[in-house]
Amino acid sequence: MMTNGVVHANVFGIKDWVTPYKIAVLVLLNEMGRTGEGAVSLMERRRLNQLLLPLLQGPDVTLSKLYKLIEESCPQLANSVQIRIKLMAEGELKDLEQFFDDLSDSFSGTEPEVHKTSVVGLFLRHMILAYRKLSFSQVFKLYTALQQYFQNGEKKTVQDAAMELTNREEGESKMEKEELDVSVREEEVSCSGPLSQKQAEVFLSQQASLLKNDETKALTPASLQKELNSLLKFNPDFAEAHYLSYLNNLRVQDVFSSTHSLLHYFDRLILTGAESKSNGEEGYGRSLRYAALNLAALHCRFGHYQQAELALQEAIRIAQEANDHVCLQHCLSWLYVLGQKRSDSYVLLEHSVKKAVHFGLPRAFAGKTANKLMDALKDSDLLHWKHSLSELIDISIAQKTAIWRLYGRSTMALQQAQMLLSMNSLESLNAGVQQNNTESFAVALCHLAELHAEQGCFAAASEVLKHLKERFPPNSQHAQLWMLCDQKIQFDRAMNDGKYHLAHSLVAGIAALSSTEGVYRKAVVLQAQNQMSQAHKLLQKLLAHCQKMKNTEMVIRVLLSVAELYWRSSSPTIALPVLLQALALSKEYRLQSLASETVLNLAFAQLILGIPEQALSLLHMAIEPILADGAVLDKGRAMFLVAKCQVASAASYDPPKKAEALEAAIENLSEAKSYFTKVDCKEQIRDVVYFQARLYHTLGRTQERNRCAMHFRQLHQELPSHGVPLINHL
């Protein structure tokens with residue numbers, strides 16, 4: 001059977017066949033053998049040898065692209081190949097016959113040009129064998145396809161030359177990109193025949209590696225699916241092509257096509273005899289249970305929890321029949337993920353941890369102390385480094401980055417993120433691909449952007465986000481990570497700037513990516529707009545939901561917002577039990593940043609209740625970790641609160657001691673103002689300059705008082721108060 005000059009392999013039972021492109025490669029090999037040692041330099045021959053393997057294993061390319069590749073390695077040889085192909089295409093059919101007869105002479109003699117068992121030798125033998133199998137009509141069609149291949153290449157060469165003459169002064173980078181796009185499109189049109197088995201395997205391997213490590217360099221979803229459909233058209237039982245189609249459909253969130261491809265993959269895996277045994281650890285029994293497990297994971301990813309639970313039950317049943325403990329452990333992990341909506345999810349997690357230890361599968365400990373968690377990760381890292389499991393090493397470092405941020409250690413989190421970004425991959429990948437487009441790197445970069453934003457380095461955070469957008473396009477599978485990160489940073493900046501209408505418009509985008517985070521941010525905006533009743537209702541619903549889901553971090557954040565709502569409503573006594581509950585949870589789970597923020601709120605509540613001395617002593621306990629690892633906004637709030645407590649405590653002092661205390665308070669206010677300026681928090685700056693003006697007035701420093709009063713007036717006109725007294729704002 002013939003398709004566009006290509007002989008279908010299934011007809012003759014061979015793994016390779018002749019195409020016009022492969023004839024051109026054969027001409028290149030023949031010319032390399034005929035060229036003497038002195039005609040080609042050592043560096044040119046080395047470049048040609050490096051070029052051969054991609055040409056032999058890769059898909060067919062256009063003739064103009066082939067000329068360009070050869071010319072980059074050896075211009076002299078490219079000219080010889082072009083002349084030889086032109087003579088063959090413009091000659092007669094007997095020239096093609098004579099060419100293949102001459103190829104057999106490459107193996108003759110005591111010192112043959114090519115060894116039979118070498119990569120080039122095997123390729124030559126496959127091509128000669130495939131050509132000998134052709135009938136006369138098939139040889140004629142092949143020769144006609146060669147002529148068409150040559151004519152298309154000549155047209156493309158003329159077009160490129162004309163474009164180069166007319167656009168010589170334009171940017172070279174733009175031209176290269178356009179030429180590359182044209183060549184890819186021409187390849188798809190001119191090389192529409194089936195790939196050989198080796199070409200298909202190399203193509204699938206490269207694309208799968210790119211999807212895993214560097215999705216931006218892979219073919220677009222539409223182009224890749226077109227190539228896969230072409231492969232499956234000639235070989236519908238190609239299991240690996242179905243699996244790559246499954247991965248490709250996941251990129252565009254196509255649940256129907258991805259499910260269809262996943263089921264076809266496991267069906268073909270059984271039908272092709274890839275799994276010969278009927279039960280046990282191998283065979284179709286193993287495929288069936290892992291097919292059900294993968295199907296459950298797929299449904300869980302798309303939020304179809306009921307279908308995922310049914311598939312998971314099937315996987316558990318088959319795994320129990322086969323006594324496959326490893327598969328059961330994976331099922332148990334997914335059962336916990338699905339059971340997070342139920343109250344017994346923590347029991348499932350504990351059971352999962354125990355079974356993982358029994359079968360040597362390391363898992364993280366939920367709700368354990370920091371040292372135990374780090375010890376568990378250290379033991380896993382030893383195995384990862386011992387066996388050079390670079391992907392698991394990257395995941396472990398990304399997890400440590402997130403854990404240190406959760407514990408409030410921003411310096412350690414920054415160190416781990418930088419370590420991951422600067423660490424070279426241990427895994428050697430094809431086509432110069434670096435393992436830098438994985439989920440681990442996306443997580444690390446997002447943490448890096450948030451850490452810079454917390455310190456007021458918004459320009460650096462924008463650069464990191466810009467890099468994330470280039471590395472992970474919106475249609476990639478990890479794009480939601482930077483989308484949520486970008487929305488949160490924009491929200492925080494809008495809140496700091498007092499632009500509540502802008503912050504409210506960002507809530508919808510945050511809620512689309514994370515419903516829990518979206519509800520919390522909406523409550524924060526309502527509270528800032530003095531809509532206390534609506535904010536209280538949202539926070540109470542969110543608190544009940546997070547307590548049921550055992551989302552401890554969000555529970556503490558909600559409790560802090562509820563407490564702030566109470567003391568902003570002039571009910572500080574009601575806020576104290578809420579703050580004590582938040583402090584107990586923060587201490588239990590070693591969440592330093594949330595514990596420090598809770599202490600700040602407790603001290604402020606004590607200040608409102610009229611006991612500033614106790615508030616000041618409480619602040620001395622929390623000020624050190626805040627200044628060491630806290631965000632710039634928290635540092636400013638802490639110093640502002642210290643100044644408030646100093647002023648309140650100085651009311652009963654003697655005049656000399658009182659003046660000294662007020663001077664110290666002014667210094668702390670200046671430091672707080674510098675922190676607030678870094679994050680452009682205008683509301684807090686307004687409160688600071690108000691207090692400074694009052695203190696300067698008390699000390700009789702009229703010039704400084706007037707300067708602060710003018711600054712306050714400008715900010716107050718820009719940011720009108722919502723009716724909340726300044727003293728009731730932390």
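The values are calculated or read from the model by the stated rules, or taken from the named source; none is laboratory data. Computed from a predicted structure; not experimentally measured. Quick reminder, even Gly has a Cβ in these numbers, built from the backbone with ideal geometry, and neighbours come from all protein chains shown. Calculation scope for accessible area: heavy atoms of the full protein, side chains included, ligands and nucleic acids excluded. Shrake-Rupley method; radii C 1.70, N 1.55, O 1.52, S 1.80 Å.
The figures follow:
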item	result
Filtered residue count, region 232-248, keeping only those that are more than 21 Å from the chain's Cα centre (by Cα), among the small types (G, A, S) and either under 14 Å from S209 (Cα atoms) or at pLDDT 90 or above (or both)	1
Residue tally, condition without any contact (Cβ under 8 Å) to a residue 40 or more places away in the chain and either of a type in the set (D, E, K, R) or out of contact with any helix residue (DSSP H, G or I) (no Cβ under 8 Å at 6 or more places or on another chain) (or both), over region 465-478	2
Answer residue from region 562-584, given it is β-branched (V, I, T) and under 40 Å from the mean Cα position of the chain (by Cα) and is nearest to M621 (Cα to Cα) among those	V578
Region 385-410 residues that are over 12 Å from H447 (Cβ atoms), paired with ones that are in a helix (DSSP H, G or I) and of a type in the set (K, R) (beta carbon under 9 Å, 6 or more apart)	E391/K212
Residue within region 87-110 that is over 23 Å from G153 (Cβ atoms), touching a residue at least 40 places away in the same chain (Cβ under 8 Å) and open to solvent by less than 30 Å² (accessible area, probe 1.4 Å) present	yes
Counted residues, region 407-419 - those being open to solvent by less than 60 Å² (accessible area, probe 1.4 Å), assigned to a helix (DSSP H, G or I) and either at pLDDT below 90 or of a type in the set (V, I, T) (or both)	0
Region 658-677, residues that are aromatic (F, W, Y) and open to solvent by 20 Å² or more (accessible area, probe 1.4 Å)	Y675
Tally, over region 610-625, of residues that are open to solvent by 60 Å² or more (accessible area, probe 1.4 Å) and at pLDDT below 90	2
All helices (runs of 4 or more DSSP H) inside region 498-569 with 3 or more residues being hydrophobic (A, V, I, L, M, F, W, C) and within 21 Å of K682 (Cα to Cα)	500-513, 515-528
Flag for Y67 being open to solvent by less than 20 Å² (accessible area, probe 1.4 Å) and within 16 Å of T19 (Cβ to Cβ)	no
Selection count, region 31-56, where residues are open to solvent by 50 Å² or more (accessible area, probe 1.4 Å), in a helix (DSSP H, G or I) and either among the hydroxyl-bearing types (S, T, Y) or at pLDDT 80 or above (or both)	9
Those residues of region 583-604 which are closer than 21 Å to L627 by Cα and without any contact (Cβ under 8 Å) to a residue 60 or more places away in the chain, in sequence order	L583, S586, K587, E597, T598, V599, L602, A603
Unique match (being touching a residue at least 40 places away in the same chain (Cβ under 8 Å), out of contact with any Gly (no Cβ under 7 Å at 6 or more places or on another chain) and open to solvent by less than 20 Å² (accessible area, probe 1.4 Å)) among D634, D680, D687	D687
Residue selected from region 429-457 under the condition more than 19 Å from Q490 (Cα to Cα) and in a loop (DSSP other than H, G, I, E, B), by the criterion modelled with the highest pLDDT	T438
Scope region 479-503; condition open to solvent by 50 Å² or more (accessible area, probe 1.4 Å), in contact with a helix residue (DSSP H, G or I) (Cβ under 7 Å, 6 or more places away or on another chain) and over 20 Å from H452 (Cβ atoms); matching residues	Q480, L502
Residue ID - farthest from K678 (Cα to Cα), chosen from residues in region 451-464 that are open to solvent by 10 Å² or more (accessible area, probe 1.4 Å) and in contact with a helix residue (DSSP H, G or I) (Cβ under 6 Å, 6 or more places away or on another chain)	V464
Filtered residue count, region 130-169, keeping only those that are over 18 Å from D60 (Cα atoms), modelled with pLDDT of 70 or more and open to solvent by less than 80 Å² (accessible area, probe 1.4 Å)	5
